[in-house]
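Step one of this worksheet: look at the structure below.
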Amino acid sequence: MDVRWKALLLGSLVLASALVLLPRAGLPSLSGAVEEQAGQEEPARSEARQAEQDQEQAATEQATAGHEPELERALVMFLEVPRVVFPAVPFDVLISARGVVPEDSVAFSLHFGSGELVREGVLAGEETVIENVVLEEGGDKRLVLTLDRMTRTSHLRTVPGILTILPPLLAIILAIVTRQVIVSLFLGIWLGATFIYGYNPLSALLRTVDRYAVEAASDPGHVSIMMFSLLLGGMVGVISKSGGTRGIVEAARPLATSPRRGQLATWVMGIAIFFDDYANTLIVGNTMRPITDRLKISREKLAYVVDSTAAPVVSLAVISTWIGYEVGLIADSFTALGITESPYLAFVRSIPFRFYPIFALVLGFAVAMSGRDFGPMLKAEIRARTLGKTSSDKAVPLADFDSPTLSPDEGAKTRWYNAAVPILTVVVATLVGLYVSGMSALEPSGREAPSFYEVIGQADPYASLLWASFLGCFVAVLLAVGQRILSLRRAMEAWLGGIRSMLLAIIILILAWAIGAVCRELHTADFVVKSVSGSLSPFLVPAVTFLVSAAVSFATGTSWGTMAIIMPIAVPLSYKLSMEAGLDPNQQHVILMGGISSVLAGAVFGDHCSPISDTTIMSSMASACDHVDHVKTQLPYALLAALTGVVVGDVPSAFGLSPWMSLFAGTVVILLFVRLFAKHAGGKGVG
């Protein structure tokens with residue numbers, strides 16, 4: 001039996017064993033879980049109808065007993081609570097009381113089964129949200145609502161913390177071992193849904209499809225990313241069929257004459273497109289792929305260079321689609337602590353402390369300039385140089401732009417500008433779209449002459465990318481048809497062929513977003529943070545913060561989600577621990593900057609190398625690389641940059657070493673490592 005199927009079988013056995021052993025760990029059995037679930041209040045709105053029927057019956061019974069029949073006959077109430085709560089993590093509760101109008105002034109009280117009051121007040125309408133409810137460790141899991149002498153009880157479900165990490169862990173391990181990314185992600189989602197839905201695997205299987213996959217695919221931001229990717233794929237299809245791709249390869253032949261120059265050109269282009277990671281990934285990958293193929297550079301190496309200049313460079317840029325979000329998180333933390341320093345200035349001052357993304361860029365340049373590689377990447381480069389195979393024989397590229405249906409006709413004129421003009425249109429349209437949408441967002445505030453940073457920070461990147469990719473398609477078709485290279489019918493066929501080539505990547509993106517939703521519902525990130533929290537020396541806060549952020553982002557595949565979770569914890573921790581330790585103001589500021597930078601840098605780590613990160617998937621997609629091959633070959637490089645950042649950067653700088661000295665020392669370490677341990681791919685056999 002093939003080792004991949006053995007691993008898949010082993011994963012299935014682990015899944016089954018986990019479900020069987022749950023009762024022995026003090027958890028309800030499957031049948032018991034179902035019975036318990038049937039006897040308790042479920043948060044989903046699908047059960048609202050039953051709750052209404054029960055309440056109407058109760059209201060009728062009380063009415064016959066003489067208790068204010070007019071109001072109670074009309075009043076129907078129920079509680080909506082999260083499916084899973086995590087101790088000490090705030091959650092929201094929705095009180096729905098149909099038939100209530102503001103004039104009724106119906107009083108309510110919400111308390112735990114132990115009698116501990118959560119909130120009390122007067123309902124202002126049919127729906128009232130109670131925010132920041134906290135279940136203490138070991139607390140009563142019953143939540144009781146009292147409303148006009150009627151009560152409603154909901155049972156809060158918790159999941160053992162160790163189980164919350166299993167879904168992403170299963171998906172990642174199975175994907176690497178079996179190379180079946182779709183199956184691995186699906187099993188990870190199913191396992192997580194099983195924990196969420198009362199350990200009922202059948203219900204979880206159905207929810208995997210009708211809830212998590214559907215919600216992932218219908219989120220407006222996700223739809224924009226899919227549309228942008230599909231439109232850009234269609235544009236590339238037209239460019240390829242019209243001969244533009246071949247033309248740009250021929251035009252670049254005098255410049256990109258060696259693998260070194262090809263890699264350096266890719267790295268420089270990645271630095272140049274610094275304003276958005278999605279645009280960076282898809283534009284650079286699609287532009288450089290035909291050139292690197294001609295130079296016998298492996299698809300794995302192309303995907304690595306593309307990925308290492310996407311999130312890292314965008315996270316450092318003072319003008320990008322990220323900066324508004326990053327500065328906003330810093331501002332919220334500063335406001336809560338009463339810190340008067342400018343959040344934007346703090347962001348800028350934290351840049352020298354952002355060791356991981358900086359060292360990731362340095363390492364990408366070092367391997368491109370030296371032509372040296374190590375680990376699995378070296379084998380991939382040897383295969384490409386000696387055998388001319390840019391992908392392995394077992395590779396399943398996320399996009400297939402090498403299809404004969406997208407190849408130009410024999411004898412067709414190959415003009416470089418048929419590729420360059422649509423790509424340039426996408427770049428320019430993205431920048432213009434960011435500016436226009438940012439100005440529109442700032443217009444209601446009445447601000448005069450806002451800075452370019454403020455405009456970009458308030459821009460809508462999704463709309464901008466959609467506009468740009470659509471215009472790119474329009475220009476590509478116009479050029480092909482206008483020069484009579486393709487008829488309109490054949491141009492549209494090529495456009496549809498390019499879209500079809502993106503289907504596998506879109507499916508994987510949907511599943512990656514779905515497992516991210518499962519992780520959020522299970523509070524995977526909260527468990528990771530809680531597991532490593534405790535008494536810390538303030539000098540270790542930056543290093544520990546980076547490691548926690550890296551672990552969370554790798555497990556969940558989201559950099560922005562990681563920032564949102566860790567920043568409100570790391571900033572107060574850095575600020576208060578340094579004050580309690582009696583450090584002088586300069587040292588306190590260094591620890592604070594280290595904490596902020598470590599959150600941002602650690603979040604980029606997962607975005608850079610997690611197999612369930614959208615930008616990692618899009619790097620594989622734009623480079624037409626096998627996704628598992630991309631992850632396996634890139635991970636050693638990411639770990640080298642991360643380890644150097646922690647050992648040479650986070651720890652010494654926290655103890656007072658200038659971050660500039662740490663950057664210099666880390667750069668020297670990386671260059672020495674590449675010189676001593678990396679090898680040239682040319683002229684060697686396949687090992």
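The values are calculated or read from the model by the stated rules, or taken from the named source; none is laboratory data. Because the structure is a prediction, the values reported are computed rather than measured. With ideal geometry, Cβ positions are generated from the backbone for all residues, glycine too; neighbour counts draw on all protein chains shown. The protein model used for the area step is the full one, side chains on, heavy atoms only, and it has no ligands, DNA or RNA in it. Shrake-Rupley method; radii C 1.70, N 1.55, O 1.52, S 1.80 Å.
Screening PRO611 on (1) assigned to a loop (DSSP other than H, G, I, E, B); (2) free of Cβ contacts under 8 Å to residues at least 24 places away in the same chain shows it passes everything except condition (2).
Across segment 539-570, the number of residues qualifying as of a type in the set (A, V, I, L, M) and modelled with pLDDT of 85 or more comes to 8.
Report whether or not THR309 is under 17 Å from the mean Cα position of the chain (by Cα) and on the phi < 0 side of the Ramachandran plot. Even if it seems obvious, please write down each step before you answer.
Details: under 17 Å from the mean Cα position of the chain (by Cα): yes; on the phi < 0 side of the Ramachandran plot: yes.
So THR309 fits the description; yes.
If you check ALA217, ALA251, ALA272, ALA204, which single one turns out to be open to solvent by less than 10 Å² (accessible area, probe 1.4 Å) and over 16 Å from ALA468 (Cα atoms)? Break it down stepwise before answering.
Details: ALA217 fails: open to solvent by less than 10 Å² (accessible area, probe 1.4 Å); ALA251 fails: open to solvent by less than 10 Å² (accessible area, probe 1.4 Å); ALA272 fails: open to solvent by less than 10 Å² (accessible area, probe 1.4 Å).
Only one candidate passes the filter, namely ALA204.
Tallying residues that are among the polar types (S, T, N, Q), open to solvent by less than 30 Å² (accessible area, probe 1.4 Å) and either part of a loop (DSSP other than H, G, I, E, B) or at pLDDT 85 or above (or both) within segment 426-466 yields 1. Within segment 144-156, residues that are without any contact (Cβ under 8 Å) to a residue 24 or more places away in the chain reach partners that are part of a strand (DSSP E or B) and buried (at least 20 other Cβ atoms within 10 Å of the Cβ) with beta carbons closer than 9 Å, at six or more positions or on different chains, in the pairs THR151/LEU145.
Listed by first and then second residue, the pairs linking a residue in segment 473-492 that is within 26 Å of THR430 (Cα to Cα) to a residue that is among the basic types (Lys, Arg) and assigned to a helix (DSSP H, G or I), with Cβ atoms under 8 Å apart and 6 or more places separating them unless they lie on different chains, are ALA480/LYS241; ALA491/LYS241. Inclusion of SER333 among residues that are buried (at least 22 other Cβ atoms within 10 Å of the Cβ), in contact with a Phe, Trp or Tyr (Cβ under 9 Å, 6 or more places away or on another chain) and at pLDDT below 85 is warranted.
Taking the listed residues GLY656, GLY645, GLY666, the one that is closer than 20 Å to PRO538 by Cα, of a type outside the set (S, T, N, Q), touching a residue at least 12 places away in the same chain (Cβ under 8 Å) and open to solvent by less than 10 Å² (accessible area, probe 1.4 Å) is GLY645, with no other qualifying.
So which of ASP614, ASP650, ASP629 is open to solvent by less than 50 Å² (accessible area, probe 1.4 Å) and either more than 25 Å from ILE596 (Cα to Cα) or of a type in the set (Phe, Trp, Tyr) (or both)? Let's see the steps before the verdict.
Working: ASP614 fails: either more than 25 Å from ILE596 (Cα to Cα) or of a type in the set (Phe, Trp, Tyr) (or both); ASP650 fails: either more than 25 Å from ILE596 (Cα to Cα) or of a type in the set (Phe, Trp, Tyr) (or both).
Only one candidate qualifies: ASP629.
What residue, among those in segment 296-324 that are assigned to a loop (DSSP other than H, G, I, E, B), in contact with a Pro (Cβ under 8 Å, 6 or more places away or on another chain) and buried (at least 24 other Cβ atoms within 10 Å of the Cβ), is modelled with the lowest pLDDT? Of everything passing the filter in segment 296-324, THR321 is modelled with the lowest pLDDT.
Could you check, for segment 367-382, whether at least one of its residues is touching a strand residue (DSSP E or B) at 6+ places or on another chain (Cβ under 7 Å), outside any helix (DSSP H, G or I) and of a type in the set (Lys, Arg)? Looking for residues that are touching a strand residue (DSSP E or B) at 6+ places or on another chain (Cβ under 7 Å), outside any helix (DSSP H, G or I) and of a type in the set (Lys, Arg), one finds at least one in segment 367-382, hence yes. Only a single criterion out of (1) closer than 30 Å to ALA346 by Cβ; (2) assigned to a helix (DSSP H, G or I); (3) not aliphatic (A, V, I, L, M) is not satisfied by GLY656, namely (2).
The rows are residues; the columns are (1) surrounded by 24 or more Cβ atoms within 10 Å (Cβ to Cβ); (2) more than 25 Å from LEU643 (Cβ to Cβ).
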{"site": "CYS473", "(1), (2)": "yes, yes"}
{"site": "PHE527", "(1), (2)": "no, no"}
{"site": "SER549", "(1), (2)": "yes, no"}
{"site": "GLY557", "(1), (2)": "yes, no"}
{"site": "ALA570", "(1), (2)": "yes, no"}
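Scanning segment 179-189 for residues that are surrounded by fewer than 22 Cβ atoms within 10 Å (Cβ to Cβ), over 18 Å from the mean Cα position of the chain (by Cα) and at negative phi returns GLN180, VAL183. Out of curiosity, is LEU640 within 18 Å of PRO376 (Cα to Cα), without any contact (Cβ under 8 Å) to a residue 12 or more places away in the chain and either in a helix (DSSP H, G or I) or under 30 Å from the mean Cα position of the chain (by Cα) (or both)? Taking the combined requirement at face value, the residue does not satisfy it.
Please determine whether any residue of segment 366-381 is without any contact (Cβ under 8 Å) to a residue 24 or more places away in the chain and either open to solvent by less than 30 Å² (accessible area, probe 1.4 Å) or more than 20 Å from LEU671 (Cα to Cα) (or both). No; the residues of segment 366-381 include none that is without any contact (Cβ under 8 Å) to a residue 24 or more places away in the chain and either open to solvent by less than 30 Å² (accessible area, probe 1.4 Å) or more than 20 Å from LEU671 (Cα to Cα) (or both). Restricting ILE499, ILE485 to residues that are open to solvent by less than 50 Å² (accessible area, probe 1.4 Å) and closer than 23 Å to VAL223 by Cα narrows the list to ILE499.
Take ALA678 and decide whether it is within 30 Å of MET226 (Cβ to Cβ), open to solvent by less than 10 Å² (accessible area, probe 1.4 Å) and among the hydrophobic types (A, V, I, L, M, F, W, C).
Values: within 30 Å of MET226 (Cβ to Cβ): no; open to solvent by less than 10 Å² (accessible area, probe 1.4 Å): yes; among the hydrophobic types (A, V, I, L, M, F, W, C): yes.
Spelling it out, it is not the case that ALA678 is within 30 Å of MET226 (Cβ to Cβ), open to solvent by less than 10 Å² (accessible area, probe 1.4 Å) and among the hydrophobic types (A, V, I, L, M, F, W, C).
The residues on offer are THR245, THR194, and the sole one that is surrounded by 17 or more Cβ atoms within 10 Å (Cβ to Cβ) and within 25 Å of SER553 (Cα to Cα) is THR194.
Picking from residues in segment 572-609 that are modelled with pLDDT under 85 and in contact with a Ser or Thr (Cβ under 6 Å, 6 or more places away or on another chain), the one that is farthest from THR644 (Cα to Cα) is ASP607. Out of curiosity, is VAL590 open to solvent by less than 10 Å² (accessible area, probe 1.4 Å), aliphatic (A, V, I, L, M) and in a helix (DSSP H, G or I)? The answer is no for VAL590. Give segment 448-486 a look and list any residue that's of a type in the set (A, V, I, L, M, F, W, C) and over 19 Å from ILE225 (Cα atoms), or say none. Within segment 448-486, ALA449, PHE452, VAL455, VAL475, ALA476, VAL477, LEU478, LEU479, ALA480, VAL481, ILE485, LEU486 meet the criteria.
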